[in-house]
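The values are calculated or read from the model by the stated rules, or taken from the named source; none is laboratory data. As the structure is a prediction and not an experimental result, all values here were calculated from the model. Here Cβ is always computed from backbone atoms with ideal geometry, including for glycine, and neighbour counts include all displayed protein chains. Heads up: the accessible areas ignore ligands, DNA and RNA and are worked out on the full protein's heavy atoms, side chains in. Shrake-Rupley method; radii C 1.70, N 1.55, O 1.52, S 1.80 Å.
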Amino acid sequence: MDKSINFNPNLIKYIFANTDKLHKVQKDLIEYNKSLGHIKKLQISVLQSNFLQFLVKFTKAQNCLEIGTFTGFSALSMALSLPKNGKVLTIDKNHNTTDTAKSFFKKAGVEKKIITIVEIALNRLKQLIKDKKNYDLIFIDADKRNYPNYYKTGKLLVRKGGLMIFDNALWDGMVLNPQDEQTKAIDTTNKLAKEDLEIFNQILPIRDGLLVCQKLV
């Protein structure tokens with residue numbers, strides 16, 4: 001049985017003190033999200049953003065797709081790690097939060113790296129498949145009920161060797177006994193990845209869990 005040490009506040013401070021620092025605009029965006037009340041939880045954690053940036057750099061990704069923009073923290077993090085000619089296409093149905101995200105992208109000087117689309121994600125994904133688009137890395141953090149659909153469509157869009165990453169894979173532990181529709185959809189997605197012979201998958205206990213899938217063929 002795997003064991004973890006107790007990540008007390010002092011140890012968390014140590015981790016951040018010995019990790020590459022956040023960009024100033026990342027910090028500004030975090031502070032802005034704190035002012036939004038309970039919906040601030042829609043932002044990925046700093047540890048998750050650090051890991052996402054590491055994956056972008058490690059895989060030498062140049063073309064990323066994001067499903068679920070919110071106010072732009074994850075898209076901004078990816079864009080900051082991409083090469084000069086790299087691109088992030090991010091899709092969300094909310095005009096207001098997308099406008100906020102765009103203002104932070106511009107503030108960070110990465111607006112040319114990020115394409116924002118306000119639309120129902122599945123509609124756009126189907127069009128991307130028709131257009132034969134291909135991505136190095138896909139990050140999914142949107143409506144949980146559609147996670148199985150995002151898995152199936154995402155698999156058609158990610159290149160061989162590329163990554164699909166799903167946030168909230170552990171869903172506050174509720175995946176142990178799925179009862180509601182959202183939890184059942186997350187559990188279904190985790191099992192789809194596990195049973196897919198064309199995917200290598202790992203669930204990592206970073207914040208609310210990340211399902212990381214690499215397309216093998």
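In sequence order, the range 35-52 has phi-based couplings of 7, 8, x, 5, 6, 4, 5, 6, 6, 5, 6, 5, 4, 5, 5, 4, 5, 4 Hz under the Karplus curve 6.51 cos²θ - 1.76 cosθ + 1.60, θ = phi - 60°, and Gly or Pro positions carry x.
Can you give the local net charge around residue 113? Use residues other than it whose beta-carbon is closer than 9 angstrom to its beta-carbon, Lys and Arg +1, Asp and Glu -1. Surrounding charge for residue 113 is +2. Hydrodynamic analysis of the range 75-191 uses the Kirkwood radius over alpha carbon pairs. Inserted into Stokes-Einstein at 37 °C and 0.692 mPa s, it gives a translational diffusion coefficient of 214 µm²/s.
How would you classify the range 22-80 from its alpha-carbon gyration tensor, with a ≥ b ≥ c the square roots of the eigenvalues: rounded for a/c under 1.5, else prolate if a/b is greater than b/c, otherwise oblate?
Prolate.
Taking Cα centre as origin and charging only the Cβ of basic (Lys, Arg, +1) and acidic (Asp, Glu, -1) residues, the dipole magnitude of the chain rounds to 760 debye.
Its Kirkwood hydrodynamic radius, worked out from the mean inverse distance over all distinct Cα pairs, puts the chain at 17.7 Å. Net charge dipole, the range 48-120: roughly 360 debye, given to the nearest 20, about the Cα centre with Cβ charges of +1 for Lys and Arg and -1 for Asp and Glu. Express the carbon and sulfur contribution to the solvent-accessible surface of the chain as a percent, rounded to the nearest whole number, probe 1.4 angstrom. Answer for the chain is 54 percent, counting heavy atoms of protein chains only.
Among beta bridges from DSSP that stay inside the chain, the antiparallel ones total about 35%.
Computing Rg and the Kirkwood Rh from the Cα coordinates of the range 2-48 gives a ratio, Rg/Rh, of 1.04. For the range 1-113, the alpha carbon positions stretch 41, 36, 29 Å along the principal axes, listed from largest to smallest.
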